Amino acid sequence: MTTVSSRTDRAATATSWVAPVGTLFWILKLTTTAFGEAASDGLAGISPVLAVLVGMVGLVAAYRWQTRTHGFVSERYWSMVAAVAVFGTMLADGIHVALGLPYPVTSVLYAAATAAVFIVWRRSEGTISIHDINNPRRERFYWAAVMCTFALGTAVGDLTAATMGLGFGPSVVLFAILIAIPAIAWKVTGRHEVGLFWCAYVLTRPLGASIADGVAKPPSFGHGLGVGDIPVALALAALLVGLVLMTLGRRSDA
(Lines give C-alpha, C1' and ligand atoms only; values in the text may rest on other atoms or scores of the structure.)
Protein backbone atom coordinates (compact mmCIF):
# COMPACT_ATOMS: atom_id res chain seq x y z
CA MET A 1 0.00 0.00 0.00
CA THR A 2 2.66 2.54 0.95
CA THR A 3 6.29 2.61 -0.03
CA VAL A 4 8.45 2.77 3.05
CA SER A 5 11.57 4.40 1.66
CA SER A 6 12.43 7.08 -0.86
CA ARG A 7 14.88 4.65 -2.46
CA THR A 8 12.03 2.22 -3.18
CA ASP A 9 9.94 5.11 -4.51
CA ARG A 10 12.69 6.04 -6.96
CA ALA A 11 13.07 2.44 -8.06
CA ALA A 12 9.32 2.14 -8.71
CA THR A 13 9.31 5.39 -10.66
CA ALA A 14 12.18 4.21 -12.83
CA THR A 15 10.16 1.26 -14.15
CA SER A 16 6.59 2.56 -13.95
CA TRP A 17 4.91 5.41 -15.79
CA VAL A 18 2.65 6.32 -12.85
CA ALA A 19 3.25 7.90 -9.45
CA PRO A 20 5.12 5.97 -6.76
CA VAL A 21 2.88 5.03 -3.85
CA GLY A 22 3.67 6.65 -0.54
CA THR A 23 2.09 8.97 1.99
CA LEU A 24 2.19 11.96 -0.37
CA PHE A 25 0.52 9.87 -3.08
CA TRP A 26 -2.53 9.25 -0.90
CA ILE A 27 -2.71 12.90 0.21
CA LEU A 28 -2.61 13.98 -3.43
CA LYS A 29 -5.20 11.38 -4.39
CA LEU A 30 -7.62 12.60 -1.71
CA THR A 31 -7.01 16.21 -2.76
CA THR A 32 -7.74 15.48 -6.42
CA THR A 33 -10.93 13.60 -5.55
CA ALA A 34 -12.18 16.44 -3.39
CA PHE A 35 -11.21 18.96 -6.09
CA GLY A 36 -13.00 16.95 -8.77
CA GLU A 37 -16.21 16.89 -6.75
CA ALA A 38 -16.20 20.61 -5.96
CA ALA A 39 -15.09 21.70 -9.44
CA SER A 40 -17.65 19.52 -11.22
CA ASP A 41 -20.52 20.67 -9.02
CA GLY A 42 -19.39 24.29 -9.22
CA LEU A 43 -19.23 24.28 -13.02
CA ALA A 44 -22.56 22.45 -13.27
CA GLY A 45 -24.11 25.10 -11.03
CA ILE A 46 -23.03 27.77 -13.52
CA SER A 47 -24.00 25.83 -16.65
CA PRO A 48 -24.28 22.08 -17.25
CA VAL A 49 -23.18 22.58 -20.88
CA LEU A 50 -20.16 24.57 -19.74
CA ALA A 51 -19.33 21.88 -17.20
CA VAL A 52 -19.34 19.13 -19.83
CA LEU A 53 -17.29 21.19 -22.29
CA VAL A 54 -14.67 22.14 -19.70
CA GLY A 55 -14.56 18.58 -18.37
CA MET A 56 -14.10 17.01 -21.81
CA VAL A 57 -11.57 19.57 -23.06
CA GLY A 58 -9.62 19.31 -19.81
CA LEU A 59 -9.58 15.51 -19.97
CA VAL A 60 -8.43 15.36 -23.61
CA ALA A 61 -5.75 18.01 -23.06
CA ALA A 62 -4.45 16.32 -19.90
CA TYR A 63 -4.42 12.89 -21.55
CA ARG A 64 -2.47 14.17 -24.56
CA TRP A 65 0.03 15.88 -22.26
CA GLN A 66 0.41 12.81 -20.07
CA THR A 67 0.89 10.35 -22.93
CA ARG A 68 3.43 12.49 -24.79
CA THR A 69 6.11 11.08 -22.52
CA HIS A 70 6.85 7.46 -21.68
CA GLY A 71 7.58 7.72 -17.99
CA PHE A 72 6.39 9.36 -14.79
CA VAL A 73 6.34 13.16 -14.81
CA SER A 74 4.65 14.43 -11.66
CA GLU A 75 2.94 17.53 -13.05
CA ARG A 76 1.62 15.66 -16.08
CA TYR A 77 0.42 12.69 -14.08
CA TRP A 78 -1.43 14.67 -11.41
CA SER A 79 -2.96 16.99 -14.01
CA MET A 80 -4.40 13.89 -15.63
CA VAL A 81 -5.71 12.57 -12.30
CA ALA A 82 -7.36 15.93 -11.58
CA ALA A 83 -8.97 15.97 -15.04
CA VAL A 84 -10.26 12.43 -14.53
CA ALA A 85 -11.60 13.47 -11.12
CA VAL A 86 -13.66 16.27 -12.68
CA PHE A 87 -14.91 14.26 -15.65
CA GLY A 88 -15.53 11.09 -13.63
CA THR A 89 -17.76 13.07 -11.30
CA MET A 90 -19.67 14.51 -14.26
CA LEU A 91 -20.02 11.06 -15.76
CA ALA A 92 -21.55 9.57 -12.63
CA ASP A 93 -23.77 12.57 -11.87
CA GLY A 94 -24.79 13.00 -15.50
CA ILE A 95 -26.09 9.45 -15.88
CA HIS A 96 -27.96 9.75 -12.59
CA VAL A 97 -29.64 13.01 -13.64
CA ALA A 98 -30.11 12.41 -17.38
CA LEU A 99 -31.41 8.84 -17.13
CA GLY A 100 -33.02 9.15 -13.72
CA LEU A 101 -31.19 6.08 -12.43
CA PRO A 102 -31.05 5.86 -8.62
CA TYR A 103 -27.67 5.77 -6.92
CA PRO A 104 -27.91 2.06 -5.99
CA VAL A 105 -28.29 1.24 -9.68
CA THR A 106 -25.45 3.53 -10.83
CA SER A 107 -23.23 2.15 -8.07
CA VAL A 108 -23.80 -1.40 -9.33
CA LEU A 109 -23.27 -0.34 -12.95
CA TYR A 110 -19.95 1.37 -12.23
CA ALA A 111 -18.85 -1.51 -10.01
CA ALA A 112 -19.49 -3.85 -12.94
CA ALA A 113 -17.62 -1.53 -15.33
CA THR A 114 -14.66 -1.32 -12.94
CA ALA A 115 -14.57 -5.10 -12.54
CA ALA A 116 -14.75 -5.55 -16.31
CA VAL A 117 -11.77 -3.27 -16.88
CA PHE A 118 -9.70 -5.13 -14.30
CA ILE A 119 -10.66 -8.53 -15.74
CA VAL A 120 -9.79 -7.56 -19.32
CA TRP A 121 -6.61 -5.81 -18.14
CA ARG A 122 -5.48 -8.85 -16.17
CA ARG A 123 -6.23 -11.28 -18.99
CA SER A 124 -4.46 -9.08 -21.52
CA GLU A 125 -1.37 -8.15 -19.51
CA GLY A 126 -1.16 -10.77 -16.77
CA THR A 127 -1.02 -8.08 -14.07
CA ILE A 128 -2.94 -5.06 -12.82
CA SER A 129 -0.12 -3.79 -10.64
CA ILE A 130 0.69 -0.09 -10.97
CA HIS A 131 4.37 -1.01 -10.72
CA ASP A 132 4.09 -2.62 -14.16
CA ILE A 133 2.63 0.33 -16.10
CA ASN A 134 5.50 0.53 -18.58
CA ASN A 135 3.97 0.48 -22.07
CA PRO A 136 1.18 2.41 -23.85
CA ARG A 137 -1.39 -0.41 -23.70
CA ARG A 138 -0.99 -0.89 -19.96
CA GLU A 139 -1.19 2.85 -19.48
CA ARG A 140 -4.50 2.93 -21.38
CA PHE A 141 -5.85 0.15 -19.16
CA TYR A 142 -4.67 2.06 -16.11
CA TRP A 143 -6.47 5.27 -17.03
CA ALA A 144 -9.63 3.35 -17.95
CA ALA A 145 -9.55 1.77 -14.50
CA VAL A 146 -8.93 5.13 -12.84
CA MET A 147 -11.90 6.65 -14.68
CA CYS A 148 -14.16 3.80 -13.61
CA THR A 149 -13.02 4.00 -9.99
CA PHE A 150 -13.75 7.73 -9.90
CA ALA A 151 -17.25 7.21 -11.29
CA LEU A 152 -17.86 4.30 -8.92
CA GLY A 153 -16.65 6.27 -5.92
CA THR A 154 -18.85 9.22 -6.86
CA ALA A 155 -21.94 7.02 -7.08
CA VAL A 156 -21.18 5.25 -3.80
CA GLY A 157 -20.51 8.52 -2.00
CA ASP A 158 -23.83 9.95 -3.18
CA LEU A 159 -25.51 6.69 -2.21
CA THR A 160 -24.42 6.96 1.43
CA ALA A 161 -24.90 10.71 1.77
CA ALA A 162 -28.21 11.06 -0.10
CA THR A 163 -30.03 7.76 -0.55
CA MET A 164 -29.03 6.32 2.81
CA GLY A 165 -29.42 9.75 4.44
CA LEU A 166 -26.14 9.69 6.36
CA GLY A 167 -25.10 13.20 5.39
CA PHE A 168 -21.52 14.23 4.71
CA GLY A 169 -20.00 14.08 8.19
CA PRO A 170 -21.00 10.49 8.94
CA SER A 171 -20.04 9.53 5.37
CA VAL A 172 -16.54 10.88 5.97
CA VAL A 173 -16.26 8.78 9.12
CA LEU A 174 -17.64 5.69 7.36
CA PHE A 175 -15.22 5.87 4.42
CA ALA A 176 -12.28 6.76 6.65
CA ILE A 177 -12.93 3.54 8.57
CA LEU A 178 -13.39 1.53 5.39
CA ILE A 179 -10.18 2.86 3.81
CA ALA A 180 -8.26 1.96 6.94
CA ILE A 181 -9.21 -1.71 6.53
CA PRO A 182 -7.06 -2.47 3.44
CA ALA A 183 -4.22 -0.36 4.87
CA ILE A 184 -4.24 -2.35 8.12
CA ALA A 185 -4.66 -5.63 6.25
CA TRP A 186 -1.56 -4.93 4.18
CA LYS A 187 0.46 -3.82 7.21
CA VAL A 188 -0.50 -6.96 9.13
CA THR A 189 -0.23 -9.57 6.38
CA GLY A 190 2.05 -8.02 3.77
CA ARG A 191 0.03 -9.91 1.16
CA HIS A 192 -2.42 -9.11 -1.64
CA GLU A 193 -0.84 -5.69 -2.18
CA VAL A 194 -2.38 -5.11 -5.61
CA GLY A 195 -5.95 -5.95 -4.62
CA LEU A 196 -5.74 -3.98 -1.38
CA PHE A 197 -4.25 -1.00 -3.21
CA TRP A 198 -7.17 -0.84 -5.64
CA CYS A 199 -9.69 -1.21 -2.80
CA ALA A 200 -8.15 1.79 -1.06
CA TYR A 201 -7.91 3.67 -4.36
CA VAL A 202 -11.66 3.30 -4.95
CA LEU A 203 -12.49 4.40 -1.40
CA THR A 204 -10.48 7.61 -1.65
CA ARG A 205 -13.11 8.89 -4.10
CA PRO A 206 -16.16 8.87 -1.80
CA LEU A 207 -13.99 9.94 1.14
CA GLY A 208 -12.58 12.97 -0.68
CA ALA A 209 -15.93 13.85 -2.23
CA SER A 210 -17.69 13.67 1.15
CA ILE A 211 -15.08 16.00 2.65
CA ALA A 212 -15.47 18.51 -0.20
CA ASP A 213 -19.26 18.39 -0.10
CA GLY A 214 -19.29 18.67 3.68
CA VAL A 215 -17.45 21.97 3.42
CA ALA A 216 -19.10 23.29 0.24
CA LYS A 217 -22.77 22.32 0.49
CA PRO A 218 -25.34 24.30 2.53
CA PRO A 219 -26.61 23.00 5.89
CA SER A 220 -29.93 22.13 4.25
CA PHE A 221 -28.15 19.61 2.01
CA GLY A 222 -26.32 16.92 3.94
CA HIS A 223 -25.54 19.26 6.86
CA GLY A 224 -22.73 21.00 4.96
CA LEU A 225 -20.90 24.13 6.04
CA GLY A 226 -22.11 26.20 3.08
CA VAL A 227 -18.77 27.58 1.88
CA GLY A 228 -19.69 26.98 -1.78
CA ASP A 229 -18.38 24.69 -4.51
CA ILE A 230 -16.30 27.26 -6.42
CA PRO A 231 -14.42 28.62 -3.37
CA VAL A 232 -13.72 25.07 -2.20
CA ALA A 233 -12.56 24.06 -5.70
CA LEU A 234 -10.20 27.05 -5.89
CA ALA A 235 -8.75 26.33 -2.46
CA LEU A 236 -8.22 22.68 -3.33
CA ALA A 237 -6.64 23.63 -6.67
CA ALA A 238 -4.13 25.80 -4.83
CA LEU A 239 -3.42 22.97 -2.38
CA LEU A 240 -3.00 20.55 -5.27
CA VAL A 241 -0.47 22.82 -6.98
CA GLY A 242 1.47 23.13 -3.75
CA LEU A 243 1.55 19.38 -3.23
CA VAL A 244 2.71 18.74 -6.79
CA LEU A 245 5.47 21.29 -6.29
CA MET A 246 6.52 19.29 -3.25
CA THR A 247 6.89 16.20 -5.42
CA LEU A 248 9.04 18.18 -7.85
CA GLY A 249 11.23 19.28 -4.96
CA ARG A 250 11.64 15.69 -3.86
CA ARG A 251 12.55 14.67 -7.39
CA SER A 252 15.24 17.36 -7.65
CA ASP A 253 16.73 16.16 -4.35
CA ALA A 254 16.84 12.55 -5.50
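The values are calculated or read from the model by the stated rules, or taken from the named source; none is laboratory data. Keep in mind the model is a prediction, meaning the values are calculated, not measured. Quick reminder, even Gly has a Cβ in these numbers, built from the backbone with ideal geometry, and neighbours come from all protein chains shown. Areas reflect the complete protein model, heavy atoms only, side chains present, ligands, DNA and RNA absent. Shrake-Rupley method; radii C 1.70, N 1.55, O 1.52, S 1.80 Å.
A few notes on this one:
- Under 9 Å, Cβ to Cβ, from W17 - net charge with Lys/Arg +1 and Asp/Glu -1: 0
- Between the Cα long axis of helix 229-253 and the first principal axis of the chain there is an angle of about 10°, rounded to the nearest 10.
- Figure note: M147, M246 ranked by solvent-accessible area, largest first, 1.4 Å probe, ligands and nucleic acids not counted: M246, M147.
- The chain: relative contact order as a whole-number percent, Cα under 8 Å and 6+ apart: 27 percent
- Rounded to 10°, Cα long-axis angle of helix 193-216 versus longest principal axis of the chain: 30 degrees
- Surface accessible to a 1.4 Å probe, L159 within the full protein complex, Å²: 30 Å²
- For region 152-225, the solvent-accessible area works out to 46 Å² per residue, with a probe of 1.4 Å and every protein chain left in place.
- Solvent-accessible surface ranking, highest first, for H223, H96, H131, H70 at 1.4 angstrom: H223, H70, H131, H96
- GNM result for the chain, Cα springs below 10 Å: residue of G165, G45, G126 fluctuating most strongly: G126
- Accessible area of I119 in the full protein assembly, 1.4 Å probe (Å², nearest 10): 80 Å²
- Taking the C-alpha atoms only, the angle from helix 48-67 to the longest principal axis of the chain is near 0 degrees.
- GNM remark for the chain: springs join alpha carbons under 10 Å apart, and the peak mean-square fluctuation among T23, T204, T114 falls on T23.
- Adding -39500 (n - 2.57) for every DSSP H run of four residues or longer, then dividing by how many residues the chain holds, sets the calculated 222 nm ellipticity at -27000 deg cm²/dmol.
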